[in-house]
Amino acid sequence: MANIIITGASSGIGFETVLDLTANKENNVIALARSADKLRRLHEISTDLNFDGGKLYPAQFDIVYDNYADSLVPFIKSKFDKVDILINNAGALINKPFLETSTEDFVQMLQSNLLGHVNMIKHIVPLMTEGGHIVNISSMGGYQGASKFTGLSAYSASKGALSVLTECLAEELKEKNIKVNCLALGSSQTEMFEAAFPGVEAGTLAFEMGRYVADFAQNGSKFYNGKILPVSNMTP
């Protein structure tokens, strides 16, 4: 049995990852997102698809602005006696030429794609036991040596920071036997991708990537720690 927390669960890859995780009746999943309406839809679909599946506890929570100590942590403790897996999937994307990208845009990307996850990890690690697994969801845009795209400097820089944080945390959490890995995902057909790149077709469907993330979160710590793994069918 695994107790799993995932952020950014209301759409795209996070949504599909939850559906895959709850297909296993051994899993208990806390799904976090900002949109209560989308979380309700997730719960309905999960119940319909996985009638005999795992337990799903959706909760509205903003990883940047909401209260961890007084709101999130007590909620988690009311559902779980411990946390086995944390999937930091929440994120945002700004697509602007660099010279038009404001300092505030960079701050927003760093808050959504790095500092929110820092806060989440700080509050969840004390609830994790030995053998726990933290999976940070980054992007090929933040993967060194991969092809880069115009307009994504703030987004890619924030995702690159999350990747390096992964390597640092894997070292720091060795004593607790908590593994930390990062998946640098290629483009997937999600609402966020479509909003940033209208009319462009991504190389992977959201449900395919969601299935990969779910499987890696449950099994990847057996083989990896402190790794930034590219998940893309493009070269480089």
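The values are calculated or read from the model by the stated rules, or taken from the named source; none is laboratory data. This is a predicted model, so every value here is computed, not measured. When we count neighbours, we look across all protein chains shown, and the Cβ atoms used for this are built from the backbone with ideal geometry, even at glycine.
Every condition in (1) over 15 Å from residue 89 (Cβ atoms); (2) surrounded by 14 or more Cβ atoms within 10 Å (Cβ to Cβ); (3) modelled with pLDDT of 80 or more holds for residue 202 except the one numbered (3). Does the stretch 27-45 include one or more residues that are touching a strand residue (DSSP E or B) at 6+ places or on another chain (Cβ under 8 Å), of a type in the set (D, E, K, R) and more than 22 Å from residue 191 (Cβ to Cβ)? Checked the stretch 27-45: no residue is touching a strand residue (DSSP E or B) at 6+ places or on another chain (Cβ under 8 Å), of a type in the set (D, E, K, R) and more than 22 Å from residue 191 (Cβ to Cβ).
Taking residue 150 as meeting all but one of (1) under 22 Å from residue 107 (Cα atoms); (2) modelled with pLDDT of 95 or more, write down the number of the exception. If we test residue 150 against (1) under 22 Å from residue 107 (Cα atoms); (2) modelled with pLDDT of 95 or more, just (2) comes out false.
For residue 44, the stated conditions hold: it is farther than 23 Å from residue 231 by Cα, free of Cβ contacts under 8 Å to residues at least 12 places away in the same chain and surrounded by fewer than 18 Cβ atoms within 10 Å (Cβ to Cβ). Which residues, taken from the stretch 6-19, are crowded, with 23+ Cβ neighbours inside 10 Å and in contact with an Asp or Glu (Cβ under 9 Å, 6 or more places away or on another chain)? Listed by number, the residues that qualify are 10, 16. Please determine whether any residue of the stretch 53-60 is within 19 Å of residue 112 (Cβ to Cβ) and either touching a strand residue (DSSP E or B) at 6+ places or on another chain (Cβ under 9 Å) or surrounded by 24 or more Cβ atoms within 10 Å (Cβ to Cβ) (or both). Checked against the condition, which is being within 19 Å of residue 112 (Cβ to Cβ) and either touching a strand residue (DSSP E or B) at 6+ places or on another chain (Cβ under 9 Å) or surrounded by 24 or more Cβ atoms within 10 Å (Cβ to Cβ) (or both), the stretch 53-60 yields at least one hit.
With respect to (1) outside any strand (DSSP E or B); (2) at pLDDT 95 or above; (3) over 15 Å from residue 88 (Cα atoms), the lone exception for residue 214 is condition (3).
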